[in-house]
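Asker: Sharing a structure with you now.
What follows is calculated from the coordinates using simple rules that are stated; it is not laboratory data. Remember, it's a predicted structure, so these values are computed and weren't measured experimentally. When we count neighbours, we look across all protein chains shown, and the Cβ atoms used for this are built from the backbone with ideal geometry, even at glycine.
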Amino acid sequence: MSKKKAHHGLSTMAIHGGADPRKAGDPVAPPLVQSVNYLQEIGTGAGLKYTRYGNTPNSERLQRRLALLEGAEASLVLGSGMGATACAMLALLRPGDHLLASAYIYGGTFKLFTEEFVRHGIDVTLVDPLEPRAWRKRLRKETRAIFIESPVNPTCRVLDMRPISYLTKEVGLALVVDSTFASPVNFRPIEHGADVVIHSATKYLNGHHDSMAGVVCGTEPYIQEVLHKMMVWGQAPDPFAMWLLERGMKTLDVRVRRQNDNAMRIANWCADRKEIKRVHYPGLSDHPDHEVARAMLDGFGGMMAIELTGGGKAADKFLRRLKLFQHAPSLGGVDSLVCEPRYTSHAAMTSEERTRLGIPDGFLRLSIGIEDADDIIADIELALK
Ligand SMILES: *Cc1c(COP(=O)(O)O)cnc(C)c1O
C-alpha cells in the first residue's frame, strides 16, 4: 500500500499501476479471486487473509493503484461511497470532537453527519463554503477536521481549496475532500493541500453503472485506522465488485476526457437555447466559479445542470420526450442520465427552500455519458420542442 514514485502518466497508471511483474503464462486480464478466506500457515497468526480485512489479491492491487492515481501514500477500497465516508470520518473523530462540514454535500453524507454522528457525541457545524472567512469564524478548540465536497452536487459549484487548506495547515486540522464528481483525472485534492480524499467509486471510477464501492486515500498510518473501522463496522467490498472496479478503471482516463469534451459542447449548445433559462457548467466563462475551476481542475467534468424556462411542468414534458437520456439517479457512467433533485436528493425541502439553494423547479441534473455528442444534443433538441 505504500507510495511509489509516480513515473507514469495517469492513463498508464489506471491500467498498470500497483500490479506485480508478470511472467509467461500469466493471464493478461487480472483474475477474479472469488474467495472469502485463504489457507493459513500453522503456528503463526501472520499472513491471515480475509476479504473483510482488505488484504486479498483483488483489493491490494487496486489499493496501490488508487493511491498512485491520487498521489497518496495509501488507499483503502470499501463497500460503498457511504461506507468510505463513514469509516474515514470515524477514524478521525472521537466523541466530544467537532466537525466543520460544507453545507453543500451529498444527501447521504448530510444524514450521516447530522443524524448519526451527532447521536455519537460528535458535534457538526454546517458552513456555507461561499461565505468569506466562514470556516475560521466557526472554528472551536474541539474542531478536528473540515469536510468539503467539490465540485458540488447538483449546482456544479467549485470550491476554492486554497484558503481552506491554508487554515487547516495553520491550525492543524485534517482536510477531507469528497472528490467523487471530478475523479482523479480532473482533480487530485492532495495536490491542493487535502489530507484525505474520498470517492464513491460507484460513479466515475467504475463508470459502467454495475458495481458499488468507495475509496479513502491518505497517509499510511491513517489508512490503517480506516482499515480498522472497515473491519469492525463491516464495510468491506466483495471481490467481484473490486474486479469490476479494476476493469472499469482501465478506461477511466479516456472515459472522463470524452465526458469533459461532450459536456463542454452540450453546455455551449444549451446556453444558446431560449427554452433553457440557465446552464450550470464550470467550463462556461459565465459560471461563478469558472476561474476557481481553472485553478483547481484539469477538466471541467461530465456533470452539468440546466434550468428550463417553463419550470416544473416543462421538466415533466422534457423528461418524457427524452430517448437517449435515461431518467435515473447516480452518475458518472458511460450512459447519459438525467435526474430531478426536487424528487431525489432534495425531496425533503420545500420548493422555496430549494430555490434559495439555487435549485428551483425545472432544474435538471445531467450526467453526460460517452455517446456521440451530436446524438446527445439531438436528443435534448427534440425533447425541448
Ligand atoms: C453517490 C455519492 C456518494 C455515496 O456513494 P455510494 O457509492 O452511493 O455509497 C457520496 N458522495 C457523492 C458526492 C456521491 O455522488
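Asker: From the list Ala101, Ala84, Ala91, which residue is within 15 Å of Gln235 (Cβ to Cβ) and within 14 Å of the ligand (Cβ to nearest atom)?
Answerer: Being within 15 Å of Gln235 (Cβ to Cβ) and within 14 Å of the ligand (Cβ to nearest atom) holds for just one of Ala101, Ala84, Ala91, which is Ala84.
Asker: Tell me, which residue of the stretch 202-220 that is part of a strand (DSSP E or B) and closer than 23 Å to His98 by Cα is farthest from the ligand (Cβ to nearest atom)? So that I can check it myself, show each step before the final result.
Answerer: Step one: filter the stretch 202-220 for residues part of a strand (DSSP E or B), giving 214-218.
With closer than 23 Å to His98 by Cα added as a condition, the list becomes 216-218.
Numbers: Val216: 12, Cys217: 14, Gly218: 17 Å.
My answer is Gly218.
Asker: Being crowded, with 20+ Cβ neighbours inside 10 Å and assigned to a helix (DSSP H, G or I) is the filter here; which residues of the stretch 262-313 pass it?
Answerer: Asn262, Ala263, Met264, Ile266, Ala267, Cys270, Ala293, Met296
Asker: Name the single residue, out of those in the stretch 240-259 being surrounded by fewer than 21 Cβ atoms within 10 Å (Cβ to Cβ) and closer than 25 Å to Leu364 by Cα, that is farthest from the chain's Cα centre (by Cα).
Answerer: Looking at residues that are surrounded by fewer than 21 Cβ atoms within 10 Å (Cβ to Cβ) and closer than 25 Å to Leu364 by Cα, I get Arg258.
Asker: Then there is this: Scanning the stretch 70-81 for residues that are within 16 Å of the ligand (Cβ to nearest atom) and of a type outside the set (Gly, Ala, Ser), which turns out surrounded by the fewest Cβ atoms within 10 Å (Cβ to Cβ)? Steps first, please.
Answerer: Residues of the stretch 70-81 within 16 Å of the ligand (Cβ to nearest atom): 70, 75-81.
Pick out the ones that are also of a type outside the set (Gly, Ala, Ser) and you get 70, 76-78.
Values: Glu70: 25, Leu76: 31, Val77: 28, Leu78: 29.
Restricting to residues being within 16 Å of the ligand (Cβ to nearest atom) and of a type outside the set (Gly, Ala, Ser), the top hit is Glu70.
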